[in-house]
1. Across segment 351-361, what is the number of residues that are over 17 Å from the mean Cα position of the chain (by Cα) and crowded, with 17+ Cβ neighbours inside 10 Å?
2. Among the residues of segment 126-143, which ones are within 21 Å of the chain's Cα centre (by Cα) and buried (at least 16 other Cβ atoms within 10 Å of the Cβ)?
3. Is it fair to say residue 100 is in contact with a Cys (Cβ under 7 Å, 6 or more places away or on another chain) and either on the phi < 0 side of the Ramachandran plot or surrounded by fewer than 19 Cβ atoms within 10 Å (Cβ to Cβ) (or both)?
4. So in segment 138-161, with the set limited to residues that are touching a residue at least 60 places away in the same chain (Cβ under 8 Å) and in a strand (DSSP E or B), which one is farthest from residue 206 (Cα to Cα)?
5. Conditions: (1) touching a Leu at 6+ places or on another chain (Cβ under 9 Å); (2) more than 17 Å from residue 136 (Cβ to Cβ); (3) in a strand (DSSP E or B). Residue 195 meets all but one. Number of the miss?
6. For segment 108-125, does any single residue satisfy the condition of being at pLDDT 95 or above, touching an Asp or Glu at 6+ places or on another chain (Cβ under 8 Å), of a type in the set (Gly, Ala, Ser) and over 27 Å from residue 337 (Cα atoms)?
7. Looking only at residues that are of a type in the set (S, T, N, Q) and modelled with pLDDT of 95 or more in segment 176-203, which one is farthest from the chain's Cα centre (by Cα)?
8. Would you be able to tell me the number of residues in segment 295-324 that are in a strand (DSSP E or B) and at pLDDT below 90?
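The values are calculated or read from the model by the stated rules, or taken from the named source; none is laboratory data. Model, not experiment: these values are computed from the prediction. Cβ sites come from the backbone with ideal geometry, for glycine too, and all protein chains shown count toward neighbours.
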Amino acid sequence: MRILLTSDVINFSDKPDTQRALTCGDTKPRSGARLLTLVPLAVLAMPFSAATAQQAVKLGDTNLTPTLRLDYVTVDNTFRSADDPVGTSGLIVSPSLSWVADRRLLALSAGYDGRYGAYDESARDFDDHRIAFGVDSAPGTRHRLNGRFLLNRSHEEVGTGQTRFLNNPDDQIETTASTLRLGYVYGAASAKGNVGTGIIFSAVSYDNLDDITDGDDYSVVRPYVTFSYRLSPDTRLVAETRYGVVDYDDDRRDRSEISVLGGFDLKATSRTGGSVRLGVTNASYDTQGIEDTSTFVADVDLFFSPRTFSRFSVSFNRDLNTVDNDAAGARQSTVDKLGISWSQEWSSRLSSRLAYELERFDRTCPNNGTDTGTIALEVGVNIRRWVSVGLSASNSQRTVGDCSGLREPGAADYDVNNLGAFVYVTL
């Protein structure tokens with residue numbers, strides 16, 4: 001089970017800003033490099049903060065918010081194997097610290113999210129770190145600048161991704177990703193039309209298991225241009241063009257991309273908010289003999305609150321992916337991720353969160369595609385203003401296709417159950 005993370009400090013989407021925003025507490029962990037295989041979906045990475053309201057410490061004109069979460073978890077299939085599963089239990093410590101300063105023309109933010117896990121089976125041990133900085137400035141009513149920097153050290157859970165066919169691996173793949181995004185928007189926030197431009201720099205390195213990850217390090221440079229049109233005070237239509245250069249250590253996967261997308265942005269209100277981007281990406285590979293390819297891409301993130309105590313969220317991502325392929329890694333591969341969640345405050349003390357995630361890797365033969373579905377439930381009780389306790393449970397199931405006929409049906413499928421108890425502390 002991917003234990004719930006504390007909230008991200010900055011909205012670090014790769015969708016360019018068309019309105020000035022520094023949204024602290026945004027919990028969708030995306031980056032400009034579209035590191036879809038490196039971070040969990042939002043529906044399984046939300047903080048359990050409904051039961052315990054976070055309180056900030058005032059430092060002059062700034063706010064500082066610390067939180068701490070402790071999880072004790074049990075897993076009935078440590079290595080995600082089809083036969084003879086091995087159980088384990090462990091403790092996960094998740095500290096978080098966010099800092100926000102917001103003046104009339106300038107907003108700054110910084111934060112740290114950590115996750116440290118220790119299990120009876122040491123192969124599942126990990127230590128993840130996420131550091132983020134953000135700045136938004138409005139030197140004039142028609143000029144808005146924004147910048148984001150993210151440093152993310154994470155792990156790929158044992159038995160998934162590139163370790164999906166290994167028997168009882170001794171370690172998990174560790175990655176370090178850094179992303180810098182700079183943007184500029186011309187046009188007042190309430191103007192009919194806004195024009196934006198910017199650039200995203202990203203780099204990803206694989207820090208261990210060189211026999212598996214050799215050649216997988218890569219960097220991305222992605223400039224973009226956007227145009228938005230105001231339909232209403234809360235809704236803007238958006239058209240966007242991106243150009244990306246993807247450079248791998250394994251040169252066979254080097255490519256350039258042109259993406260054309262359209263959609264809309266909903267300004268966050270008490271009831272609705274989010275954004276939709278749909279379009280096409282055309283990828284041209286540098287290696288001779290690899291055909292250009294066009295792929296439907298999507299980036300959807302929406303929420304709806306029918307009542308102040310209830311919230312539904314949906315996210316959908318689709319994009320190219322060539323990170324976890326084998327010797328045929330230059331062939332086209334796509335990943336789809338769908339997430340749906342429902343958060344409910346049943347009373348001033350009792351809250352719950354139900355989430356579902358579907359992840360589909362469509363790999364070109366001879367690589368094997370996978371479908372993974374996960375359902376998770378968490379219930380928390382606020383026993384003090386600053387502390388809550390709760391229980392969590394999840395089930396995850398994977399099926400693996402085999403276009404090559406080299407594997408027995410179901411040989412790499414798995415079923416994993418997780419149970420946990422947690423304590424969440426804030427000020």
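1. Narrowing segment 351-361 to residues over 17 Å from the mean Cα position of the chain (by Cα): 351-354.
Cutting the leftovers down to crowded, with 17+ Cβ neighbours inside 10 Å gives us 351-353.
Matching residues across segment 351-361 total 3.
2. First pass over segment 126-143, keeping only residues within 21 Å of the chain's Cα centre (by Cα): 126-135.
Matches in segment 126-143: 126, 128, 130, 131, 132, 133, 134, 135.
3. Working: in contact with a Cys (Cβ under 7 Å, 6 or more places away or on another chain): yes; either on the phi < 0 side of the Ramachandran plot or surrounded by fewer than 19 Cβ atoms within 10 Å (Cβ to Cβ) (or both): yes.
The answer is yes for residue 100.
4. Going residue by residue through segment 138-161, those that are touching a residue at least 60 places away in the same chain (Cβ under 8 Å) are 138, 144, 146, 148, 150, 152, 154, 156-161.
From what is left, the residues that are in a strand (DSSP E or B) are 138, 144, 146, 148, 150, 152, 154, 156.
Values: 138: 38, 144: 36, 146: 29, 148: 23, 150: 17, 152: 12, 154: 10, 156: 10 Å.
My answer is 138.
5. Here residue 195 clears every test but (1).
6. Looking for residues that are at pLDDT 95 or above, touching an Asp or Glu at 6+ places or on another chain (Cβ under 8 Å), of a type in the set (Gly, Ala, Ser) and over 27 Å from residue 337 (Cα atoms), one finds at least one in segment 108-125, hence yes.
7. Quick first cut of segment 176-203, residues of a type in the set (S, T, N, Q) only: 176, 178-179, 190, 194, 197, 202.
Those left that are additionally modelled with pLDDT of 95 or more: 176, 178-179, 194, 197, 202.
Numbers: 176: 14, 178: 14, 179: 13, 194: 27, 197: 23, 202: 15 Å.
The residue in question is 194.
8. Going through segment 295-324, the residues in a strand (DSSP E or B) turn out to be 295-307, 310-320.
The next check asks that each one be at pLDDT below 90; those that pass are 320.
Qualifying residue count, segment 295-324: 1.
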